[in-house]
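The values are calculated or read from the model by the stated rules, or taken from the named source; none is laboratory data. Worth saying up front: this structure is predicted, and the values here are computed from it rather than measured. Every residue, glycine as well, gets a Cβ built from its backbone with ideal geometry; the counts of neighbours run over all protein chains shown. Surface areas here come from the heavy atoms of the whole protein model, side chains and all, with no ligands, DNA or RNA. Shrake-Rupley method; radii C 1.70, N 1.55, O 1.52, S 1.80 Å.
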Amino acid sequence: MLKTHTCGELRKEHVGQTVTLAGWVNRRRDHGGLIFIDLRDRWGMTQIVADPAQSGEAHKAASEARGEYVLQVTGVVRARPEEMVNPDLGTGEIELEATVIKILNPAKTPPFYIYSDEKVEEALRMKYRYLDLRRRRMQRNLILRHQVVKYIRDFLAERGFVEIETPVLFKTTPEGARDYLVPSRVHPGKFYALPQSPQQLKQLLMVAGYERYFQIARCFRDEDQRGDRQPEFTQLDLEMSFVERADVMSLIETLMTGIVKDVSDCELLYEPFPRLTYKEAMDRFGTDRPDLRYGLELTDVSAIAAKTEFKVFTGAVEAGGAVKALVAPGCGDYSRRQAEELEVIVQEAGAKGLAWLAVNADGTARGGAARFFEGERLAELLEATGAQPGDLVLFVADEYTMVSAALDALRREFARRLELADPKKISFCWVIDFPLFFWNEEEQRWDPSHHLFTAPLPEDAHLLYTDPGAARGAQYDLVCNGYEVAGGSIRIHDRAMQERVFELIGLDMATARERFGHMLEAFEYGTPPHGGIAPGIDRIVMLLAGEPNIREVIAFPKNQQASDMMADAPSVVEPIQLEELHIRVVED
RNA sequence: GGGGGCGUAGUGUAGCGGUUAACAUGUCGGCCUGUCAAGCCGAAGAUCGCGGGUUCGAAUCCCGUCGCUCCCGCCA
């Protein structure tokens, strides 16, 4: 080893020892005579003192060193005098008096500060990601990520789970997201697909009798990016045999609680995790992934609105839609203009418009919708919504899903404005009882709301034959701070039921056999009832780290255009490579 | 595919129709033996993303384009 200790290690008890450190020059303070260097490595920083009276050569090397030079320093650990102790540094009670300083490697001046977490344009950080990763923020995030993954491995190993790797080169599944395809050299015109998740393989591992499987699995989906979505991402993929919904949920709840408490410095808000049905989540929050760190719940005021003279309200109710309200506490002082500017938010979510009123101190109301709510009507409204004097009440009237989407957007906007979402707080909840299918109007068929192996709740199984839209799935989503962080289900292990699902989603048996023949056949050889879940590691670590997007917890992420800006991937390839793969590129 | 935001020395920002484009920091040089965001003095460093237009005059206004980013669609 080129170092005897780390830069974060030396304390008072090492005083007098001769040690060797190695690391990067974080900062250098040249006093002409004495030179101080903060030598940095992953573990911390140690102050090096180069005194020309002690070693002329070490002092000369120190004067040549610049930011980010890589140095090896040998010297004697010395206690700092009382008034020179640096309480901000773990090693602040000592310093290393250099006898030998060796420049292991010089460094160009970096394009941005390494020693400061000052904001730098993300494109530049990505181009020099290896420098960005030297910064404290990224080191903290990646180490946190390691700790989370290690906690998961230890936790599951203790409980009898086996970690099994599954192939990255597998088979296309056109039902889901767009696949990343890999051409086959050996099979002209044929392609592997990178897995969107190891879904089929983990179910086959249950057929194979492993009973408890997990994997820290890389997944690939060729869809457009978001702050919480990357073309490749990591899931804790997990599957168990002989379990019911409650078993999987309880395991994950214990795991997540442990991670938050033992690995992060975040506060866990609710134990046990609240459980919401899909319907309840949509009714109360307008979304199936509500952020429960704050209230701002929606109120259905359709019944009251139907009694008003407001055509927009009555029309929506008559058409079978809904009128729902959101109360923005303390925002009653919004001007007409401020209130009307909010309309953009709901319009972006697809709603036609936004109605509003502010509750005055005397209990009367002002604003666009105020004239429809007078006297008893207003009293009813305030009673229903809980709005107080000084509050702003916002209404959206439309089809139920539109109202939900619009008020969800508005709710999140007010959480932001009122700073209600504390990033140090972690609030999980389960969302259950999803409909098994959503009706796809365009294709005139049922689409699975989770995936096509999801079983219905046992008590709803008969509905597959009578009223598929009413069947609830044995599905569970884990939501954290407004993000879906895990989704799972109990799977279908019965061939007849699986075939019925294929039929409902418009997959004829010939096609199903071609795509999933191996699954169908496997299910005929003694399949245990089984189910699983797949928490998204990137999102969970993002939330624990208090970061705004998952790129901050991925070492080498891709940008919004799915490019790697450091390596410049994807890139053109040699014609010979294409030829071997039997591929011809067509110009647009 | 659609909508919004941003783009000015290495970096972070200011300037938003009118002198030589400003400030901080970094870089380079000088001085400096107790600093830890070291200090003091000095210097260099910008075709204001790119192209076009309006104007006597454009970093500033308009159009286009490129890049990054956020959102909708998409994400079984």
**Prompt:** Hey, which lysines would be in cross-link range of A:K424, C-alpha to C-alpha under 17 Å, not counting anything within fewer than 8 residues on its own chain?
**Reply:** A:K261
**Request:** Quick one: dipole size for chain A, taken about the Cα centre, charges +1 on Lys/Arg Cβ and -1 on Asp/Glu Cβ, in debye to the nearest 20.
**Result:** 1820 debye
**Asked** Residues with beta-carbon under 11 Å from that of A:V479, excluding A:V479: net charge, scoring Lys, Arg +1 and Asp, Glu -1?
**Response** -1
**Message:** From the helices alone, meaning DSSP H stretches of at least four residues, give me the mean residue ellipticity at 222 nm for chain A, per-run term -39500 (n - 2.57), in deg cm²/dmol to the nearest 500.
**Reply:** -8500 deg cm²/dmol
**Item:** segment A:97-114 - phi-based ³J(HN,Hα) in whole Hz, Karplus 6.51/-1.76/1.60, Gly and Pro as x
**Value:** 7, 6, 9, 9, 10, 10, 7, 6, 6, x, 9, 5, 5, x, x, 8, 5, 8
**Asked** Amide H to amide H, which residues 5 or more places from A:C7 or on other chains are under 5 Å from it, using H placed in the peptide plane?
**Response** A:D41, A:W43, A:G44
**Asked** With the contact rule set at Cα under 8 Å and sequence spacing of 6 or more, what percent relative contact order holds for segment A:303-377?
**Response** 24 percent
**Asked** Given a 1.4 Å probe and every protein chain left where it sits, what share in percent of the accessible area of chain A is carbon and sulfur?
**Response** 50 percent
**Request:** Can you check what the Kirkwood hydrodynamic radius comes to for segment A:294-420, Cα pairs only, in Å to one decimal?
**Result:** 14.1 Å
**Request:** Please identify every one of the trypsin sites (Lys or Arg not before Pro) in segment A:74-133 that sits in a loop by DSSP and has no more than 13 other beta carbons within 10 Å of its own beta carbon.
**Result:** A:K108, A:K119
**Prompt:** How large is the charge dipole for segment A:294-420, taken about the Cα centre, if only the Cβ atoms of Lys, Arg (+1) and Asp, Glu (-1) carry charge, to the nearest 20 debye?
**Reply:** 200 debye
**Request:** Please list the helices of chain A that count as membrane-span-like by this rule: a mean Kyte-Doolittle hydropathy of at least 0.0 together with Cα atoms stretching 18 Å or more along the helix axis, each helix being a complete DSSP H run.
**Result:** A:245-263
**Item:** Accessible area expressed per residue, segment A:445-504, with surrounding protein chains retained (probe 1.4 Å, Å²)
**Value:** 34 Å²
**Complete:** Sorted by chain and then number, the residues having a modelled amide H within less than 5 Å of the amide H of A:N360, at least 5 places away or on another chain, are A:A365, A:R366, A:G390
**Request:** For segment A:63-136, compute Rh as the Kirkwood radius over C-alpha pairs and then the Stokes-Einstein diffusion coefficient at 25 °C and 0.890 mPa s; write the answer in µm²/s, rounded to an integer.
**Result:** 166 µm²/s
**Prompt:** For chain A, with the dipole built from +1 on Lys and Arg beta-carbon atoms and -1 on Asp and Glu ones, taken about the Cα centre, which of A:C429, A:M565, A:Q388 lies farthest toward the positive end?
**Reply:** A:M565
**Prompt:** For A:V15 and A:E442 in one chain, what is 0.36 nm times their gap in residues minus the Cα-Cα distance, to one decimal in nm?
**Reply:** 146.2 nm
**Prompt:** For segment A:47-54, what does the Karplus curve 6.51 cos²θ - 1.76 cosθ + 1.60, with θ = phi - 60°, yield as ³J(HN,Hα) per residue in whole Hz, taken in order and with x for Gly and Pro?
**Reply:** 7, 9, 10, 10, 10, x, 6, 8
**A:L2 accessible area, 1.4 Å probe, all protein chains in place, Å² to nearest 10** = 110 Å²
**Message:** Using +1 at the C-beta of Lys and Arg and -1 at the C-beta of Asp and Glu, which of A:L39, A:T20, A:I103 has the Cα lying farthest in the positive direction of the dipole of segment A:12-105?
**Reply:** A:I103
**Request:** Enumerate the aspartates and glutamates that A:K307 could reach by cross-link, defined here as Cα to Cα under 15 Å, with residues fewer than 8 away along the same chain left out.
**Result:** A:E318, A:E374, A:E376, A:E380
**Request:** List the relative contact order of chain A as a percent without decimals, with contacts defined as Cα pairs under 8 Å and 6+ residues apart.
**Result:** 13 percent
**Asked** Shape call for segment A:12-105 from the C-alpha gyration tensor, a ≥ b ≥ c root eigenvalues: rounded (a/c under 1.5), prolate (a/b greater than b/c) or oblate?
**Response** rounded
**Asked** Which far-off residues, 5 or more places away or on another chain, put their amide H under 5 Å from the one on A:I48, with H placed in the peptide plane?
**Response** A:I37, A:D38, A:L39, A:L96
**Distance violations [Cα-Cα > 18 Å] among A:K60/A:K102; A:K119/A:K150; A:K279/A:K324; A:K12/A:K60; A:K3/A:K102** = A:K119/A:K150; A:K12/A:K60
**Request:** Name the lysines eligible as straight-distance cross-link partners of A:K190: C-alpha to C-alpha under 21 Å, and not fewer than 8 places from it in the same chain.
**Result:** A:K171
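Determine the shape class of chain A: with a ≥ b ≥ c the square roots of the Cα gyration tensor eigenvalues, call it rounded for a/c under 1.5, and otherwise prolate if a/b is greater than b/c, oblate otherwise.
Oblate, since a/c reaches 1.5 and b/c is not below a/b.
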**Prompt:** Listed highest first by mean packing, meaning other Cβ atoms within 10 Å per residue, what order do A:312-320, A:401-409 come in?
**Reply:** A:401-409, A:312-320
**Prompt:** Going toward the positive end of the dipole of chain A, with +1 on Lys and Arg Cβ and -1 on Asp and Glu Cβ, which of A:M138, A:F414, A:G487 do you reach last?
**Reply:** A:M138
**Asked** ³J(HN,Hα) across segment A:466-472 via Karplus (A = 6.51, B = -1.76, C = 1.60, θ = phi - 60°), whole Hz, x for Gly/Pro?
**Response** 10, 8, x, x, 8, 6, 9
**Item:** Mean separation of Cα contacts under 8 Å (6+ apart) over length of segment A:146-231, as relative contact order %
**Value:** 30 percent
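Applying a 10 Å radius around every beta-carbon, put A:380-386, A:509-515 in order of their mean neighbour count, most first.
For the peptides A:380-386, A:509-515, the packing ranking is A:380-386, A:509-515.
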